[in-house]
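J.: Just passing along the structure, written as structure tokens.
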Amino acid sequence: MHLLVDGHGLPLVVLLTAGQAGDSPMLPQLLGELRVPRHGPGRPRTRPDAVLADKAYSARQHRAELRRRGIQAVIPEPSDQIRHRRNRGSAGGRPPAFDATRYRDRNVVERAFNQLKAWRGLATRYDKHARTYRGGLVLASALLWLKQ
């Protein structure tokens, strides 16, 4: 289960992949699926102001893609990347920008997962077919929107 949520923890994009698939490789696909309707005329927004993610999303390719699209990356740098950059000295480059105050809001993403997994069927994954599981996931997401 992969989610892209807004600042209130409401799902904007829901993707389902095989259980062994990692979270990080799905970021470009999640961003590609993002469509937020505007109030009034105009095409939908496809670019969030910022992406708040954990250390798993700190790959150079992700940061480059976010920079190319003009999206602020609020992603902490893993300790092994920090160590590697420091070992290279001046050739290691500058550390990526990181807004620790804004990163505190990342708990909204974790709470969104917890709200969805409050459904026993989603938490335990009893469904045999991905289509059925995704249907429950979309229904639970819609109910979160209706509660808002």
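J.: I need a count of the residues in the stretch 73-102 that are under 13 Å from the mean Cα position of the chain (by Cα) and open to solvent by 50 Å² or more (accessible area, probe 1.4 Å).
T.: 0
J.: Within the stretch 53-65, identify whether any single residue is part of a helix (DSSP H, G or I), touching a strand residue (DSSP E or B) at 6+ places or on another chain (Cβ under 7 Å) and either among the small types (Gly, Ala, Ser) or open to solvent by 40 Å² or more (accessible area, probe 1.4 Å) (or both), and answer yes or no.
T.: No.
J.: Would you pick out the residues in the stretch 122-137 that are loosely packed, with under 11 Cβ neighbours inside 10 Å and among the hydroxyl-bearing types (Ser, Thr, Tyr)?
T.: Answer for the stretch 122-137, where residues must be loosely packed, with under 11 Cβ neighbours inside 10 Å and among the hydroxyl-bearing types (Ser, Thr, Tyr): just THR124.
J.: Kindly indicate which of PRO44, PRO48, PRO96 is modelled with pLDDT under 90 and not hydroxyl-bearing (Ser, Thr, Tyr).
T.: Within the list PRO44, PRO48, PRO96, the selection yields PRO96.
J.: Output the residue which, of all residues in the stretch 1-41 that are more than 10 Å from the chain's Cα centre (by Cα) and polar (S, T, N, Q), is modelled with the lowest pLDDT.
T.: The selected residue is GLN20.
J.: Looking only at the stretch 15-50, which residues are touching a strand residue (DSSP E or B) at 6+ places or on another chain (Cβ under 6 Å) and closer than 28 Å to ALA130 by Cα?
T.: Those that are touching a strand residue (DSSP E or B) at 6+ places or on another chain (Cβ under 6 Å) and closer than 28 Å to ALA130 by Cα: LEU15, MET26, LEU30, GLU33, LEU34, VAL36.
J.: Can you work out which of the residues in the stretch 98-148 that are hydroxyl-bearing (Ser, Thr, Tyr), free of Cβ contacts under 8 Å to residues at least 12 places away in the same chain and part of a helix (DSSP H, G or I) is farthest from LEU52 (Cα to Cα)?
T.: THR132
J.: Now a separate question. Would you mind telling me which numbered condition in (1) farther than 16 Å from THR17 by Cα; (2) surrounded by 14 or more Cβ atoms within 10 Å (Cβ to Cβ); (3) modelled with pLDDT of 90 or more; (4) of a type in the set (A, V, I, L, M, F, W, C) TRP119 fails?
T.: Tallying (1) farther than 16 Å from THR17 by Cα; (2) surrounded by 14 or more Cβ atoms within 10 Å (Cβ to Cβ); (3) modelled with pLDDT of 90 or more; (4) of a type in the set (A, V, I, L, M, F, W, C), TRP119 fails exactly one: (3).
J.: Could you figure out which of (1) in a loop (DSSP other than H, G, I, E, B); (2) under 27 Å from ALA123 (Cα atoms); (3) open to solvent by 80 Å² or more (accessible area, probe 1.4 Å) isn't true of GLN29?
T.: Failed condition: (1).
The values are calculated or read from the model by the stated rules, or taken from the named source; none is laboratory data. Please read all numbers here as calculations on a predicted model, not as lab measurements. Here the Cβ is made from the backbone with ideal geometry for all residues, glycine too, and neighbour counts use every protein chain on show. When the accessible area is computed, the model is the full protein with side chains, heavy atoms only, and any ligands, DNA or RNA have been set aside. Shrake-Rupley method; radii C 1.70, N 1.55, O 1.52, S 1.80 Å.
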